[in-house]
């Protein structure tokens, strides 16, 4: 393992082997009683940055769409899409939203955020619908 983590010439993690070795070393370091600013503490921070960078590039996390968030919240609250009609201004607006034809207006974002107790930003896709009156 130590051979895989030779940073005599610093570099990013170059493959799954180095990634696994770095994770193993981090696990070892976390089991130690590290003192601040120690060589081991610095190594832990350094490896954590490398691991985070590797994961960001190789295991990207895709954010849920507003439709996915609302569908999940409906399921969690035992509601149907039909139950959203009065919250969103009618069945056609609900239908258009789930088909991706229409985004949520600012008013709808605020209403759904309050009803489901979720942060408004998870209900906003690429952009909020232009009209706040919808």
Item checked: Degrees, to the nearest 10: 106-116 long Cα axis against longest axis of the chain -> 70
Note to self: What whole-number volume per residue, in cubic angstrom, does the convex hull of the C-alpha atoms of the range 2-58 give?
What the structure shows: 79
Next item on the list: Assign one of three labels to the range 66-123, namely rounded, prolate or oblate, based on the Cα gyration tensor with a ≥ b ≥ c the square roots of its eigenvalues; rounded applies when a/c is under 1.5, prolate when it is not and a/b is larger than b/c, and oblate otherwise.
Entry: rounded
Next item on the list: Specify the angular offset, from 0 to 90 degrees and rounded to the nearest 10, of the alpha carbon long axis of helix 39-58 from the longest principal axis of the alpha carbons in the chain.
Entry: 40
Notebook entry, point to check: What number, in nm² with one decimal, is the all-direction average of the projected area of the convex hull of the alpha-carbon atoms of the chain?
Noted result: 12.4
Checklist line | Where labels lie 7 Å past Cα in the beta-carbon direction, separation of residue 28 and residue 74 in nm | finding: 5.2
Item checked: Nearest-ten-degree value, helix 66-76 long axis tilted from longest Cα axis of the chain -> 80
Item checked: Segment residue 86-residue 45, extension gain: residue separation times 0.36 nm, minus the distance between their alpha carbons -> 9.7 nm
Item checked: Förster radius 35 Å - calculated FRET efficiency between residue 16 and residue 65 (Cβ-Cβ, nearest 0.05) -> 0.70
Notebook entry, point to check: What nm distance separates the two modelled labels at residue 107 and residue 95, each placed 7 Å from Cα along Cα→Cβ?
Noted result: 2.1
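Values quoted throughout were computed directly from the atomic coordinates according to the rules given, and no laboratory measurement underlies them. Worth saying up front: this structure is predicted, and the values here are computed from it rather than measured. Glycine also receives a Cβ, built like all others from the backbone with ideal geometry; neighbour counts cover every protein chain displayed.
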